[in-house]
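Reading through the structure tokens given below for one structure.
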Amino acid sequence: MKFSIKIASLVLIAAAFSSCLKDDITLDPDKSTNVVEFKNPSSFVSPSGSTYSLYTRAFDLADESEYPITVSYSGADVAPNDITVNLGIDTSALSQYNEEQHTEYDLIEPAVYTMPTSVVIPKGQRTATVTLKVMPNKFDFEKSYVLPIQIQSVSSGVVSGNFGTILLSVNAKNKYDGVYTVTSKMVDYTNPAFISMSEHGDALEYTLETISATECVVVDYIYWGSPFIPFWTGTGVSGYGSFAPVVKFDPATDKIVSVSNYYGQPAGNTRSGQLDPTGKNVYDAAAKKIEISYRMIQPSTVAAPPHIRASWVDTWTFKAPR
């Protein structure tokens with residue numbers, strides 16, 4: 001993909017203006033009015049134009065993990081005195097976000113986190129950090145937890161109209177979760193020109209994202225940015241609509257026990273996932289490597305049983321945590 005640097009710069013400038021409309025901030029730092037706000041705590045995932053900013057963070061399974069949240073006295077000056085920042089939960093912000101973005105995030109349960117109700121920005125300083133503690137081992141994998149945290153009041157100063165409330169999406173990672181480089185051999189039984197990106201000589205990596213204690217969905221962030229399997233058509237990059245593998249492991253043996261389709265088993269286009277039992281189908285914990293053979297079943301295209309439209313024999317090698 002090629003983008004004009006000039007156009008990209010204009011977009012960034014426009015975004016900077018739009019994100020500050022509620023606060024009295026000018027391009028001259030010496031003339032801006034300080035506001036008390038949250039700094040970006042992690043990856044930003046909410047779409048442009050949303051009323052509230054949503055950030056996401058994934059945690060390894062553990063009894064307790066820490067999530068530092070920074071409160072900032074933003075603007076030209078440092079804090080003129082100690083500023084007490086009182087924090088609380090704004091459930092209406094989460095409801096509004098779900099309504100605006102057509103999402104179904106769940107309010108995080110008090111039993112799986114603790115958070116101080118105040119923090120002090122010291123005189124002469126610009127920031128202070130409050131530590132949110134979460135308990136990933138207690139997370140319900142069926143829920144998409146969000147903590148809508150709000151600056152409810154300050155002992156002095158003005159609360160930001162843009163970042164006085166933020167939404168924190170928190171989820172747990174099983175031991176297979178992470179970013180993997182991929183070597184793949186693919187066969188499409190209806191079109192032999194279709195081959196994997198790695199066979200074509202292009203970079204290929206998958207992110208395995210936890211959806212349960214034993215399952216991960218395969219996500220492609222290089223070509224599509226979503227649960228998807230990209231391939232080379234002979235003339236360009238494509239992929240199978242409504243198909244992405246969900247891989248289920250047996251944590252006692254690290255063997256892969258099943259592959260299903262993230263978009264439905266089957267999806268509306270009849271596509272399903274299936275493990276090829278002739279493959280190795282195992283996670284090697286020492287090498288941090290997954291060897292997997294799987295298929296896409298599609299009765300609407302392949303009439304004769306077993307309806308195998310495409311198959312893959314892959315090696316996924318751990319690259320980094322997500």
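Partners of Lys289 within straight-line reach, counting aspartates and glutamates whose Cα lies under 14 Å from its Cα and excluding those fewer than 8 residues away in the same chain: Asp177, Glu205, Asp254, Asp314.
Protein heavy-atom surface of the chain, 1.4 angstrom probe: 54% of the accessible area is carbon and sulfur, with nucleic acids and ligands not counted. Per residue, the accessible area of the chain comes to 50 Å², computed with a 1.4 Å probe over protein heavy atoms only.
In the elastic network of the chain, a GNM with C-alpha springs shorter than 10 Å, the most mobile of Asn171, Asn40, Asn81 is Asn81. Once the Cα atoms are used to define both axes, helix 91-101 deviates from the longest principal axis of the chain by about 50 degrees. By the rule of a C-alpha distance below 12 Å, with chain neighbours fewer than 8 residues away ignored, the aspartates and glutamates paired with Lys123 are Asp77, Asp82. In this structure, the amide hydrogen of Ser153, modeled 1.01 Å from its nitrogen in the peptide plane, lies closer than 5 angstrom to those of Asn86, counting only residues at least 5 positions away or on a different chain. Largest GNM mean-square fluctuation among Asp177, Asp106, Asp82, using the chain with Cα springs under 10 Å: Asp82.
Helix 5-19 and the longest principal axis of the Cα set of the chain meet at an angle near 50°.
Here the gap between Thr317 and Thr70, fully extended at 0.36 nm per residue and compared with their Cα-Cα distance, gives a gain of 85.4 nm.
The values are calculated or read from the model by the stated rules, or taken from the named source; none is laboratory data. These numbers were taken from a predicted model, which means no experiment stands behind them. Only protein heavy atoms, including side chains, enter the accessible area calculation; ligands, DNA and RNA are left aside. Shrake-Rupley method; radii C 1.70, N 1.55, O 1.52, S 1.80 Å.
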